[in-house]
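Novice: Got a structure for you, written out below as structure tokens; questions coming shortly.
The values are calculated or read from the model by the stated rules, or taken from the named source; none is laboratory data. The structure presented is a predicted model; accordingly, all values stated were derived computationally and were not measured. Methodologically, a virtual Cβ is constructed for each residue, glycine included, from the backbone with ideal geometry; neighbour enumeration extends over all protein chains shown. Keep in mind that these areas ignore ligands, DNA and RNA; they rest on the heavy atoms of the full protein, side chains included. Shrake-Rupley method; radii C 1.70, N 1.55, O 1.52, S 1.80 Å.
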Amino acid sequence: MGFWWFLFVMDLLVPVLMIISGRMMWKHCPKDINGIIGYRTTRSMKNMDTWKFAHDYCGRLWWKIGWIMLIPSVLAHILIYGESDNVVGTVGGILVMVQCVVLTGSIIPVEIALRKNFTKEVERK
């Protein structure tokens, strides 16, 4: 039972952190463009307009995706409650891999939105 609880908490980390980080990015964009904190890609760091746009867009996206991923993650664990450690570990591992793919894949729509809204000279279209 202890392993189930451990993996349950661990498997909720990515969705919960996406919800919290998304809200922070969306509502409290870092004031300065920097290479340490925030959504940092070449395109997003071109100027303050792209920086703020990327944080707003990515923050809203992460907030939505985090809530969407939270529900199936909880349901998956409810369904395997009481199963063997092997089953719990396998399901937990698959969940984390899917969550990480979704997390890193979220870069694609943000970069597409930046490309659609800004010229190559990084001026708003």
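Novice: When the residues of the range 1-32 are narrowed to those that are outside any helix (DSSP H, G or I) and open to solvent by 60 Å² or more (accessible area, probe 1.4 Å), which ends up modelled with the lowest pLDDT?
Specialist: M1
Novice: Please find, among S84, S106, S73, S44, the residue that is small (G, A, S) and within 13 Å of the chain's Cα centre (by Cα).
Specialist: S106
Novice: Still on this structure: Go through the range 77-107 and report how many residues are modelled with pLDDT of 95 or more and outside any helix (DSSP H, G or I).
Specialist: Selection size over the range 77-107: 1.
Novice: While we're looking at this one, here's another question. Looking only at the range 58-79, how many residues end up being under 21 Å from I112 (Cα atoms) and either loosely packed, with under 14 Cβ neighbours inside 10 Å or in contact (Cβ under 8 Å) with a residue 40 or more places away in the chain (or both)?
Specialist: 7
Novice: To continue, here is another question. Residue by residue through the range 41-57, note down the ones that are open to solvent by 30 Å² or more (accessible area, probe 1.4 Å) and either part of a helix (DSSP H, G or I) or modelled with pLDDT of 95 or more (or both).
Specialist: Matches in the range 41-57: M48, D49, K52, F53, D56, Y57.
Novice: Which ones in the range 108-125 are in a helix (DSSP H, G or I), out of contact with any Ser or Thr (no Cβ under 7 Å at 6 or more places or on another chain) and either open to solvent by less than 80 Å² (accessible area, probe 1.4 Å) or farther than 21 Å from I20 by Cα (or both)?
Specialist: Scanning the range 108-125 gives P109, V110, I112, A113, R115, K116, N117.
Novice: Can you pull out every residue in the range 92-101 that is without any contact (Cβ under 8 Å) to a residue 60 or more places away in the chain and either among the β-branched types (V, I, T) or open to solvent by 50 Å² or more (accessible area, probe 1.4 Å) (or both)?
Specialist: I94, M97, V98, V101, listed by residue number.
Novice: Hey, another quick one. How about the range 80-90: which of its residues are out of contact with any helix residue (DSSP H, G or I) (no Cβ under 6 Å at 6 or more places or on another chain) and either farther than 12 Å from F8 by Cβ or surrounded by 13 or more Cβ atoms within 10 Å (Cβ to Cβ) (or both)?
Specialist: Of everything in the range 80-90, those that are out of contact with any helix residue (DSSP H, G or I) (no Cβ under 6 Å at 6 or more places or on another chain) and either farther than 12 Å from F8 by Cβ or surrounded by 13 or more Cβ atoms within 10 Å (Cβ to Cβ) (or both) turn out to be G82, E83, S84, N86, V87, G89, T90.
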